[in-house]
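Please read the structure below before turning to the comments.
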Amino acid sequence: MLIQYSTNLDLLEKLNIEGFFVGWPSPPSSTVFRKLLEGSYKAVLAFEDHKLVGFVNSISDGVLSAYIPLLEVLPTHHNKGIGKELIKRIQKELEHLYMVDLLCDQELISYYEKLGMMKAQGACMRNYDRQSGN
Ligand SMILES: CC(C)(COP(=O)(O)OP(=O)(O)OC[C@H]1O[C@@H](n2cnc3c(N)ncnc32)[C@H](O)[C@@H]1OP(=O)(O)O)[C@@H](O)C(=O)NCCC(=O)NCCS
């Protein structure tokens, strides 16, 4: 089946968006998932027929900086180039900005380097009791 890509979040009305946040102890509900996509500066959806199979989102000040908090492809669709295509497309959406940052595990750094990004140092905090967004 053909994988399609879109930045049009109106499509969320028609798409099955279940199955994401794999391994999260307190995953966001579908309602919260839709809300975080709709609240994003830019997002790209990957879908197959009426099923969302991958997504990436960004938040931004719209002037200099953007952050990419979430990129996920459903396990059934891994290693088909969907993640790379989502990153390329969000990079295009953010090309007018100076800084585009994300945090990732060490093992994924080469993945992002192949997509034109640089290894960097970072810091973060997590409020685990807020993980579901509720
Ligand atoms: C990371 C992720 C988005 C990749 O999506 P994908 O569509 O399966 O990946 P692609 O098909 O674009 O790329 C496949 C390549 O990525 C590599 N890769 C995928 N996941 C990896 C991981 N966790 N660690 C290291 N390499 C990984 C594969 O080995 C493959 O390498 P190759 O091109 O040299 O053969 C997907 O594995 C995922 O959703 N993971 C869980 C969520 C996550 O970790 N998101 C990233 C947050 S920073």
Total charge dipole magnitude, the stretch 3-122, about the Cα centre, Cβ charges on Lys, Arg, Asp, Glu only, Debye to nearest 20: 160
How much length would be gained if the chain were fully extended between Tyr41 and Ser132, taking 0.36 nm per residue of separation minus their Cα-Cα distance, in nm to one decimal? 30.7 nm
Which entries in the list Lys92/Lys114; Lys80/Lys119; Lys35/Lys80 go over 20 Å, if you measure between the two C-alpha atoms of each? Lys80/Lys119; Lys35/Lys80
Extending each Cα 7 Å along its Cβ direction at Glu95 and Ala120, get the distance between those two points in nm, one decimal. 2.0
With Rg from the Cα atoms and Rh as the Kirkwood inverse mean 1/r over Cα pairs, the stretch 48-122 has an Rg/Rh of 0.97
Where the Cα atoms of the stretch 92-134 are projected onto their three principal axes, how long is each span, largest first, in whole Å? 34, 26, 16
5 angstrom amide H check on Leu70, placed H, neighbours 5+ away: Asn57
Express in nm, to one decimal, how much length is gained between Val22 and Ile3 on full extension, taking 0.36 nm for each residue of separation and deducting their alpha carbon distance. 4.8 nm
Pairwise centroid distance, computed over Cα atoms, of the stretch 41-61 with the stretch 70-134, Å: 12
Rounded, prolate or oblate, given the Cα gyration tensor of the chain, with a/c below 1.5 counting as rounded? rounded
Packing-based order for 3-9, 70-76, using average beta carbon neighbours within 10 Å, highest first: 70-76, 3-9
As a percent rounded to 5, the proportion of antiparallel DSSP bridges among beta bridges in the chain is 80
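No value in this document is a laboratory result; all are computed from the given coordinates. Just so we're clear, the structure is a prediction, and the values are computed from it rather than from any experiment. Here the Cβ is made from the backbone with ideal geometry for all residues, glycine too, and neighbour counts use every protein chain on show.
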